[in-house]
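Here is the structure we will look at, set down as structure tokens.
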Amino acid sequence: MEKATGNYLRYRSSPEAWMLGRFVVPASRLDEFEAAMDSQAPVPVSALGGANLESDIARICASRVKIDVIEIKAADASAIDAAMRWIRPGLTPYFEIAGTALIPVIRKKGARAKIRTGGVTPGVFPSAEFVAQFLEACAKTGTPFKATAGLHHPLRSYRPLTYSEGGPSGWMFGFLNVFVAAVLARQGVVAEELARLLVEESAKELHFEASAIEWRGHSATEREIAAARRDFAISFGSCSFEEPLADLKALGM
């Protein structure tokens with residue numbers, strides 16, 4: 001915890017701080033987090049809810065730090081209904097789901113969706129078709145979302161999935177692919193086409209102009225991108241802040 005919070009505070013004072021979102025911490029580790037941050041200025045925090053959600057939310061409400069986001073896994077609509085009964089005003093819930101059927105339920109509740117885009121073994125990575133369908137469903141219903149896991153690099157690439165020597169490797173989605181696809185999904189680009197964008201490996205096919213971005217005949221203006229980032233494609237969670245930055249710099253971005 002001390003290493004993680006130390007890194008986060010260092011990133012907060014870096015020139016790239018504008019890219020940094022909330023510190024994500026399990027509700028079960030809030031005691032450690034509060035102790036590590038005791039003498040520090042407040043930082044934005046998102047808490048991960050566990051199996052005992054009611055007690056986790058009570059702990060979040062009692063925290064000395066300002067927590068305005070909670071992330072919850074939901075297997076069905078009843079789990080979402082139960083969680084929403086405990087959510088207090090000012091606490092924005094993201095529901096991590098394994099399919100797209102619950103997206104209209106999440107939207108109706110005024111909550112947000114969360115998609116897991118990877119992990120530490122190849123088998124936990126969803127297909128490009130599923131990610132595309134998720135983006136399409138969120139766009140059609142106007143449901144804001146965040147992504148988590150597996151988005152350490154800007155572009156689709158074959159990489160080691162862990163930092164352990166001899167660990168597994170696999171195909172990882174790029175965060176530029178996912179977020180550009182989200183912007184285009186808001187324009188009505190269909191899932192089949194979004195899936196092709198999600199597996200795009202070449203930076204040469206993503207053209208960043210002064211006021212727009214273009215990919216294989218599809219384009220979005222700076223205003224459309226800003227609107228999507230503000231209230232639709234919110235963020236992605238990563239255990240590394242330095243890796244995405246290093247890759248962007250290597251690409252001249």
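Assuming R0 = 25 Å, can you tell me the calculated FRET efficiency for the pair Arg196 and Glu243, based on Cβ-Cβ distance, to the nearest 0.05? Efficiency, rounded to the nearest 0.05: 0.50. With both labels modelled 7 Å from their Cα along Cα-to-Cβ, the Ala250 to Ala35 distance reads 3.8 nm.
For the options Tyr94, Tyr163, Tyr11, a Gaussian network treatment of the chain with springs between C-alpha atoms closer than 10 Å singles out Tyr163 as fluctuating the most.
FRET efficiency for the Ala51 to Ser164 pair, using the beta carbon distance and R₀ = 30 Å, is estimated at 0.60.
Pairs exceeding a 21 Å alpha-carbon distance, out of Lys114/Lys204; Lys73/Lys109; Lys66/Lys140; Lys108/Lys140; Lys66/Lys108: Lys114/Lys204; Lys66/Lys140; Lys66/Lys108.
Taking amide H positions as modeled 1.01 Å from N, with prolines and chain starts lacking one, no residue 5 or more places away or on another chain lies under 5 Å from Gln40. Computed extension gain for Trp171 through Ala17, at 0.36 nm per residue and net of the alpha carbon distance, reaches 52.6 nm. Given their separation in residues at 0.36 nm each and the Cα-Cα distance between them, Ala227 and Lys204 gain 5.8 nm when the chain is fully extended.
From the Kirkwood radius over Cα pairs of segment 1-96, Stokes-Einstein at 10 °C and 1.306 mPa s returns a whole-number translational diffusion coefficient of 113 µm²/s. Within the chain, DSSP assigns beta bridges of which about 30% are antiparallel (rounded to the nearest 5).
Exposed loop positions in the chain were taken to be GluC sites (Glu not before Pro) whose DSSP state is not H, G, I, E or B and which have at most 15 other beta-carbon atoms within 10 angstrom. Between these positions, the longest stretch is 17-164. Here the relative contact order of the chain, from alpha carbon pairs under 8 Å that lie six or more residues apart, stands at 14 percent.
Given the rule -39500 (n - 2.57) for each run of at least 4 DSSP H residues, summed and divided by the residues of the chain, what is its mean residue ellipticity at 222 nm, to the nearest 500 deg cm²/dmol? Mean residue ellipticity at 222 nm (helix-derived): -11000 deg cm²/dmol. This model, with +1 at the C-beta of Lys and Arg and -1 at the C-beta of Asp and Glu, gives segment 85-237 a dipole about its Cα centre of some 860 debye.
Mind checking which aspartates and glutamates have their Cα closer than 12 Å to the Cα of Lys249? Skip sequence neighbours fewer than 8 apart in that chain. List returned: Glu16.
Couplings 3J(HN,Hα) for segment 236-253, derived from phi with the Karplus relation 6.51 cos²θ - 1.76 cosθ + 1.60 (θ = phi - 60°), are 9, x, 8, 7, 10, 9, 6, 5, x, 5, 4, 5, 4, 5, 5, 8, x, 9 Hz, where x marks Gly and Pro. Of the trypsin sites (Lys or Arg not before Pro) in segment 22-67, the ones in a loop by DSSP (not H, G, I, E or B) with at most 14 other beta carbons within 10 Å are Arg64, Lys66. Taking only the alpha carbons of the chain, we obtain Rg and Dmax values of 18.2, 52 Å in that order.
Using C-alpha pairs under 8 Å with a sequence gap of at least 6, the mean separation divided by the residue count of segment 120-253 gives a relative contact order of 31 percent. Only one residue of Ser55, Ser14, Gly252 has its Cα farthest out toward the positive end of the dipole of the chain, where Lys and Arg carry +1 and Asp and Glu -1 on Cβ, and that residue is Ser55. When the charge dipole of the chain is built from unit charges on Cβ atoms (+1 for Lys and Arg, -1 for Asp and Glu) and taken about the Cα centre, the candidate among Ala203, Ala149, Ser28 whose Cα reaches farthest toward its positive end is Ser28. Taking only alpha carbon atoms, segment 120-253 gives an Rg to Rh ratio of 0.95, where Rh is the Kirkwood radius. Looking at segment 155-253, the trypsin sites (Lys or Arg not before Pro) that sit in a DSSP loop and have at most 15 other Cβ atoms within 10 Å of their own Cβ are Arg216. If each residue of separation counts as 0.36 nm, what is the full-extension length gain between Asp68 and Thr121 once their alpha-carbon separation is subtracted? Result: 16.0 nm gained on full extension.
The numbers here are math on the coordinates, done by the rules we state, and not lab data. On a predicted model such as this, the values are computed, not experimentally measured, just so you know. With ideal geometry, Cβ positions are generated from the backbone for all residues, glycine too; neighbour counts draw on all protein chains shown.
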